[in-house]
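Notes follow once the structure below has been shown.
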Amino acid sequence: MSNPFENYTELHDFAASQPELFWGDVAKTLHWSKQWDHVLSEDGGPIARWFVGGELNACYNCVDRHVEDGFGDQIALYFESPVTQTERTLTYSQLQDQTSKLGGAMQKHGVSKGDRVLIYMPNSPEAVVAMLACARIGAVHSVVFGGFAAKELATRIDDATPSLVLAASCGIEGSKILPYQPILDEAFAIADHKMARTIYWQRSQCEAQLGPQALDWETELAQAPSAACQPVAATDPLYILYTSGTTGQPKGIVRDTGGYLTALAWTMENIYRCPPGETYWAASDVGWVVGHSYIVYGPLLNRNATVVFEGKPVGTPDAGIFWQLIAKHRVRSFFTAPTAIRAIKQVDPHGELALHHDLSALQAIYLAGERTDPSTLTWIGDLLGKPVVDHWWQTETGWAICANPMGVEQLPIKAGSTSLAMPGWQIHCLDEDGLPVPAGDNGAIVAKLPLPPGAAPTLWNASDRYKTAYLDRYPGYYLSGDAGYIDEDGFVFVMTRTDDVINVAGHRLSSSAIEEILAANPAVAECAVVGINDDLKGSVPASFVVVKAGIDPNTPSLSDQLIGEVRTAIGPVAAFKIVHIVTKLPKTRSGKILRRNIRQIADGETPKIPATIEDLSVLDEYFALFNHREAQP
Ligand code: COA
Ligand code: AMP
């Protein structure tokens, strides 16, 4: 929807003072089978609910209504897979046909409204069809990123208790072919929850073995009746997306249907300035929130063509692949993670691979998933000569909390900042006692309740955990888990996590989950895992392990064994490669491990050591390990 406001301030003030009017107007741009009774309801739960009483269907809004409006022949999706050397397109009519057939196949196998369906697929048109087909029949999808191992999959299966799995026969990572069936079979064996069937999209690189419980995608679609779009309540979940929290048990972020689609509809033109009919590309993965919001739902809702890319920004075929595809599809808005830009910069430091491509359609580049360091922001901005928008968001929020609203007003670009709070978000920085910190001072970044539409209203099967994780610390506010500062102009600088979450190449990992695996090794007495700086990935997990008495700390294979165990349990996505065997962990007198100090020493910073440290001399080993000067408490 286009913007009726003169500038950012007018927009933000209006949304804050008249939220029902503001979001109600946005929601009118969607198709509703039943009008809502209330735009915003704050009754009956800790979190506001949006569009209560309303009914709609996400697939209808993303696909069918565009076909009915005469855009059936428009390209909905460009698939670019340099790793398989294939490219394909799907029009909106083809997307409608495939989603209705897959929806029909799922219904034939007993999937109905509200049932969960697990999706384990790489970036592909089939993954998009799978998600939309679930939405079409009112089923709740839960996409699991391909880089997670069987145990992580099993945890998600037991939590979401899906009725069916939609899977690819394999994923492809560079030159590696990764068969998915053995991972799924192992997960099914570990999980307590048992499912009847998996439908496999067969890829020629490695096919799944079919049988009564492993069905063929093509055959299922060919035999399926068409499924109609099934209206669901605006407050019904569209999907569950698991993300790492501070414990080994991932959090099932629940996304409601009506509020989410409304928020995304607003963003497409007001943040991303991408009118219907134009091409939008989020170079992320459907397994992450960015993929859900901006490979699938946002662009399709707005009748854009979305680019689905299977590959990496480097080595597939070269570090110019982003620029090549932006030129080829005349991409107007491009979204990726800073780590991808750093990867390109390492290989092509002078940006020579960008120079001979026609990037004239590109209006701006959008970065999120981790902090954009000022040098990366400047490098890419100078290279392309286009605005670079660093915007901040989380799996929990579903869309940007802070951004530069390019379709409303281009704000000044301040390197290191995520710009200003988007409509509906009231952002504050608080100290330990819950008092606002002065401009420029560090604090916990919080959002005043009620949260705008799109933000997760709860966690699947864990509403109490939602309260304790996000709402209890500062009553009346949502605790983001991020710390940073707000400058005198209101620009928000997100600097670090305040919890044990590590952000690796824009992917969120739980340090506790890695610690649990290390601690289970019989040689390990205790351990600590912290995120340390990495030039490419932003941060990577590093572990500090104390072995049990009687175990030789120099046992040669121990580190490899521990690395292998983490890879097997969590998956390659953990990017876990650093093990330091130490004699002791630094602790406070009450036994709290001083992870922050370890991290500071590893990053070459001056550690702020608490006076409550149990034994200062323990740190000498860490200073020596990282060749760092000593510090005093
Ligand atoms: N399935 C299976 N394995 C996967 C996988 C998937 N979908 N995605 C990643 N992996 C594996 C990789 O092959 C790698 O394995 P390895 O240890 O055997 O080499 C490991 O997980 C780590 O992957 P990654 O962190 O992606 O590192 P990389 O060195 O392969 O690539 C970048 C680095 C920067 C090129 C890559 O992370 C990238 O393109 N990032 C884009 C950021 C992004 O999509 N962010 C999402 C939020 S916007
Ligand atoms: P995820 O839920 O995986 O998208 O990760 C969300 C987390 O990534 C946030 O809580 C931040 O810690 C970090 N993050 C995302 N975007 C930014 C950004 N633009 N700047 C700084 N940190 C970010």
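We did not get these values from a lab; they are worked out from the coordinates using the rules stated. Owing to the predicted nature of the structure, the values given are computational and were not obtained by experimental measurement. Reconstructed Cβ throughout: ideal geometry from the backbone, glycine too, with neighbour counts over all protein chains shown.
Rounded to the nearest 20, the size of the Cβ-charge dipole of region 1-87 about its Cα centre is 180 debye, with Lys and Arg at +1 and Asp and Glu at -1.
Checking the cross-link pairs K28/K251; K345/K414; K34/K448; K328/K386; K176/K537; K312/K345 against a 23 Å limit on the alpha carbon distance flags K28/K251; K34/K448 as lying beyond it. With contacts defined as alpha carbon pairs under 8 Å and 6 or more residues apart, what's the relative contact order of region 432-575 in percent? Value for region 432-575: 17 percent. Under 20 Å Cα-Cα from K608, which aspartates and glutamates qualify once same-chain neighbours fewer than 8 residues away are excluded? Straight-distance partners of K608: D431, E432, D441, D482, D499, D500, D620, E621, E630. With one equal scatterer per alpha carbon and no solvent term, the Debye-computed log10 I(q)/I(0) for the chain at 0.05, 0.06, 0.07 1/Å reads -0.21, -0.31, -0.43. Taking the helices alone, the chain has a mean residue ellipticity at 222 nm of -7500 deg cm²/dmol, built from -39,500 (n - 2.57) per DSSP H run of at least 4 residues and averaged over all its residues.
Annotation: amide H-H contacts under 5 Å for I172 (H modelled 1.01 Å from N, sequence separation of 5 or more, or interchain): L178. Semi-axis lengths, largest first, of the ellipsoid equivalent to region 102-260 are 22, 21, 14 Å, with √(5λ) applied to each eigenvalue of the Cα gyration tensor. About its Cα centre, the chain has a charge dipole of approximately 780 debye under the convention of +1 per Lys or Arg Cβ and -1 per Asp or Glu Cβ, with nothing else charged.
Mean separation of Cα pairs under 8 Å and 6 or more residues apart, divided by the residue count, gives the chain a relative contact order of 12 percent. Computed from the alpha carbon atoms alone, the convex hull of region 230-297 holds 118 Å³ per residue. Each of V117, Q600, Q346 was scored by the projection of its Cα onto the charge dipole of the chain, and the greatest displacement toward the positive side belongs to V117; charges sit on the C-beta of Lys, Arg, Asp and Glu. A simple packing score, the average count of other Cβ atoms within 10 Å per residue, orders the peptides 252-261, 32-41, 443-452, 389-398 as 252-261, 389-398, 443-452, 32-41, with the highest score first. For region 238-251, backbone phi angles converted through the Karplus equation (6.51, -1.76, 1.60; θ = phi - 60°) give residue-by-residue couplings of 8, 7, 10, 10, 7, 9, 6, x, 8, 10, x, 7, x, 8 Hz, Gly and Pro being listed as x. Can you give me the C-alpha center-to-center distance between region 414-445 and region 491-517, rounded to a whole angstrom? Going from one Cα centre to the other spans 19 Å. Of all DSSP beta bridges confined to the chain, the antiparallel ones make up roughly 60%. Backbone amide hydrogens, once placed in the peptide plane, bring V547 within less than 5 Å of A525, V582, excluding anything fewer than 5 places away on its chain.
The mean sequence separation of alpha-carbon pairs under 8 Å and at least six residues apart, normalised by the residue count of region 1-130, gives a relative contact order of 14 percent.
Counting Cα-Cα pairs of region 83-156 in 5 Å increments starting at 0 gives whole-percent bin shares of 4, 15, 23, 20, 19, 12, 6, 1. Here K194 is the anchor, and the aspartates and glutamates within straight C-alpha reach of less than 19 Å, apart from those fewer than 8 places off in the same chain, are D115, E152, D158, D159, D185, E186.
Sorting the segments 523-534, 47-58 by their mean number of nearby beta carbons within 10 angstrom, highest to lowest, gives 47-58, 523-534. If you average the C-alpha positions of region 446-462 and of region 541-608 separately, how far apart do those two centres end up, in angstrom? About 34 Å separates the Cα centre of region 446-462 from the one of region 541-608.
Partnerless cysteines in the chain, where a partner means another cysteine C-beta under 4.7 angstrom, comprise C59, C62, C134, C229, C274, C402, C429, C527. The amide H of M495, built 1.01 Å from its N in the peptide plane, has A483, G484, Y485 as neighbours under 5 Å, considering only residues 5 or more places off or on other chains.
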